[in-house]
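Below: one structure, written as structure tokens.
The values are calculated or read from the model by the stated rules, or taken from the named source; none is laboratory data. Here the structure is a predicted model, which is why all the values come from computation and not from measurement. Every residue, glycine among them, receives a Cβ derived from its backbone with ideal geometry; neighbour counts consider all protein chains shown. Each accessible area value is taken on the protein alone, full model and side chains, heavy atoms only, with ligands, DNA and RNA left out. Shrake-Rupley method; radii C 1.70, N 1.55, O 1.52, S 1.80 Å.
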Amino acid sequence: MEDKPHIRGIVAQNVKKYRKINHLTQEKLAEAAEVSNTYIANIECGQTWISDKTLEKIANALHIQEYLLFIPETKNSRISASINDRKKMIEYLKSREKEIEIYVKDFFSETFEQILKEK
């Protein structure tokens, strides 16, 4: 994966890691995320990138928050990244700022509505 963009490799590793943690095959993950198993295989090999909607579907199928797919693995399994990795992540998040803002507002709005309904 050296010739692939670094962030794509991180996502690829994390999709595979969380898939295995959840004891899912590529086929089962694909079914849960409503994508093809070939697509999951290509993501895990770092051969393709994921749209934001598909990223959300995969994260939901893996029972994790989307951001966890962008956190690089470390030897000590601690959340840490080099300064360059952090800069790349910040740049990516800034490029998606409006989209993320809308998602967060919608998420909390729906969550609060659900809490109020349950009272």
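Within region 96-119, no residue that is more than 19 Å from D52 (Cβ to Cβ) sits with its Cβ atom under 6 Å from a residue that is assigned to a helix (DSSP H, G or I) at 6+ positions apart or across chains.
I'd like to check something: does region 11-22 contain any residue that is assigned to a loop (DSSP other than H, G, I, E, B) and either open to solvent by 70 Å² or more (accessible area, probe 1.4 Å) or in contact (Cβ under 8 Å) with a residue 12 or more places away in the chain (or both)? Checking region 11-22: at least one residue is assigned to a loop (DSSP other than H, G, I, E, B) and either open to solvent by 70 Å² or more (accessible area, probe 1.4 Å) or in contact (Cβ under 8 Å) with a residue 12 or more places away in the chain (or both). Summed over region 23-44, the residues that are of a type in the set (V, I, T), part of a helix (DSSP H, G or I) and more than 21 Å from H6 (Cα to Cα) give a count of 1.
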